[in-house]
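Take a look at the structure set out below.
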Amino acid sequence: MLYPEQKERENRFKLALRMGLPVFALAVITVTSVLMRYFNHIPTAFIIIAFAMLGIMVYYLFYLIYQGFNERITDPITHAFTRQYFTTLMKRELKKRDYTFILFSIDNLDDINRRYGFANGDRVLYDIAHRLAEYFDERGMKKVPIAHFKGGDFIVALEGRQEEHRSVMELMCVKFKHYSINEIEIELSGSMTDSTRIKEMDKIIERLFELQNERRKMQNENEEEIDPGTIEHLVIRAIEERSFSYRYQPGFKAGKIVLYEMAVKLVTDEGKLVHQKRFMPVVHRLGLLRRFDEIQTEAAVEAARKIPADRKIAIHIAAATLRHTRFLDHVTMLMSNDENMKERLIFIMSENNYYHQSRQFNTRLQAYRRAGICITLDRLGGLHSSLRYLQELDVDMVRFEGYLGREILSPKVRAVVKGLKKTVDEMNLKSWIRMIETEEEYNAAESLGIDILQGKYLGPIEELKEKNNEVR
């Protein structure tokens, strides 16, 4: 048992003792006074039973008080429902009627805590919870369940389907778009779903956070919903049967194709395609990431056999997978079985959170490089971890953050890319930029001397087409 847990139990016992002691003292005084007055008339057996009952009553009273501290309904910071109580409550309610669930997120809570302190962050959470309640109350929606789930995330439950409440969420987000509390600016966003397709509360919550992540990435909000349970089935079946679709986008150097970046989609039983943004969270949740990356590596090897020998296949491999011993063994075996595969594969890696055991990570990366794999560090200029890794990991190539290619005509962005390019050159690494969409962007990137250019202007994402040992 953790020390904080021990202190918590001690504190609960002391509180229960303080609350129960007056009752115990009153009961003892009452029994004692009765015995002193009628002692000669009361049978001995009755006295024994009375004291036994008194002991049992006191014990049970202490037990109820002690256990009562475990059954918390509201969050101590926001005074909204706790996650556990809200989930239990809505599981019961979903058996009776349909509900719409709205996830409201304070997107800049981390920044608020860092700039203004955690006390102010807590006050913001409290204020938002009560402003949400006031907002619904003003529209005649009484007793709306509001729960504080984690961080800056609140979930609200409204009776009915989401078509009835979509305007509520949109108006709320508009109202809070330029909202501030004590001069602290609040950035609020929302997502919603209902129980018409998804009946399990846990799945509904997962779907809400998936939709929120998609919204943050400015992806299509109108995408047809798929039951998370169905997604799990599709992922498991796809990995077992390797039901994936592959398309490729070329990368150019001096006007010549030098690589193809592989994009992966899942294929359903009906032949429909599911984007990675929908199924990759499930792959992570099911613990199938390494197996998924192994399958994609095997597919990349097969694709490399179809293209000219002077071109490579680039695939995204999770950093966590690259650190896994079994994945290294799998890749080493693949490469040793075909000597022609050396220098034909590119592993693209990035990581949102910096991995502090970078020395061990670097040792593992060098094993891939010795096996003939080109390692590319992705999203330089976008992720703090990529800049740290550039200093600590030995790689072959660096790819800049996507928006740097899209905004390369901006003087400031161009200056940033120029500085990054100079840094990369001094480290004797190759440079790669993507999202080149126009001739002007192509000319700007070309003038900076970036080694590999990629984007719709140069070549779309399409299937590999073999013809006379060439790919169109």
Within region 173-194, take every residue that is hydrophobic (A, V, I, L, M, F, W, C) and at pLDDT 75 or above and give me the one that is surrounded by the most Cβ atoms within 10 Å (Cβ to Cβ).
MET192
Being among the aromatic types (Phe, Trp, Tyr) and either farther than 18 Å from GLY190 by Cβ or within 20 Å of the chain's Cα centre (by Cα) (or both) is the filter here; which residues of region 82-136 pass it?
TYR85, PHE101, PHE104, TYR116, PHE118, TYR126
Within region 403-423, is even one residue within 30 Å of GLU339 (Cβ to Cβ) and either among the polar types (S, T, N, Q) or touching a strand residue (DSSP E or B) at 6+ places or on another chain (Cβ under 9 Å) (or both)?
no
Could you list all residues from region 140-152 that are outside any loop (DSSP other than H, G, I, E, B) and surrounded by 19 or more Cβ atoms within 10 Å (Cβ to Cβ)?
ILE146, ALA147, HIS148, PHE149
Among the residues of region 195-246, what is the count of those that are within 17 Å of ILE155 (Cα to Cα) and at pLDDT below 65?
0
Could we say that THR297 is surrounded by fewer than 18 Cβ atoms within 10 Å (Cβ to Cβ), part of a helix (DSSP H, G or I) and of a type in the set (Ser, Thr, Tyr) here?
no
Looking at the structure I just gave you, is GLU164 loosely packed, with under 15 Cβ neighbours inside 10 Å, of a type outside the set (Gly, Ala, Ser) and in contact (Cβ under 8 Å) with a residue 60 or more places away in the chain?
yes
Would you mind stating whether GLU463 is touching a residue at least 12 places away in the same chain (Cβ under 8 Å) and farther than 30 Å from HIS330 by Cβ?
no
Are any of the residues in region 262-280 among the hydrophobic types (A, V, I, L, M, F, W, C), touching a Leu at 6+ places or on another chain (Cβ under 9 Å) and outside any strand (DSSP E or B)?
yes
Does at least one position in region 393-402 carry a residue that is farther than 18 Å from ILE315 by Cα and either in the same structural domain as ALA320 (by TED's automatic domain parsing) or at pLDDT 95 or above (or both)?
yes
Count of region 123-161 residues which are among the acidic types (Asp, Glu) and farther than 17 Å from THR78 by Cα:
3
Got a sec? Which helices (runs of 4 or more DSSP H) wholly within region 330-435 have at least 2 residues that are of a type in the set (A, V, I, L, M, F, W, C), buried (at least 17 other Cβ atoms within 10 Å of the Cβ) and in contact (Cβ under 8 Å) with a residue 24 or more places away in the chain?
358-370, 411-426
Failed criterion for THR100 (all others in (1) buried (at least 17 other Cβ atoms within 10 Å of the Cβ); (2) not in a strand (DSSP E or B) hold)
(2)
Index of the failed condition, GLU351 passing every other in (1) closer than 27 Å to SER447 by Cβ; (2) charged (D, E, K, R); (3) out of contact with any strand residue (DSSP E or B) (no Cβ under 8 Å at 6 or more places or on another chain):
(1)
Those residues of region 302-321 which are surrounded by 17 or more Cβ atoms within 10 Å (Cβ to Cβ) and over 20 Å from the mean Cα position of the chain (by Cα) amount to ALA303, ALA304, ILE307, ARG311, LYS312, ILE313, ALA314, ILE315
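Condition check ((1) more than 21 Å from ALA263 (Cβ to Cβ); (2) modelled with pLDDT under 95; (3) aromatic (Phe, Trp, Tyr)) across all residues:
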site	(1), (2), (3)
ILE433	no, no, no
GLU437	no, yes, no
ILE450	yes, no, no
GLN454	no, no, no
PRO460	no, yes, no
GLU466	no, yes, no
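The values are calculated or read from the model by the stated rules, or taken from the named source; none is laboratory data. Being a predicted model, the structure only gives us computed values, none of them experimental. Here the Cβ is made from the backbone with ideal geometry for all residues, glycine too, and neighbour counts use every protein chain on show.
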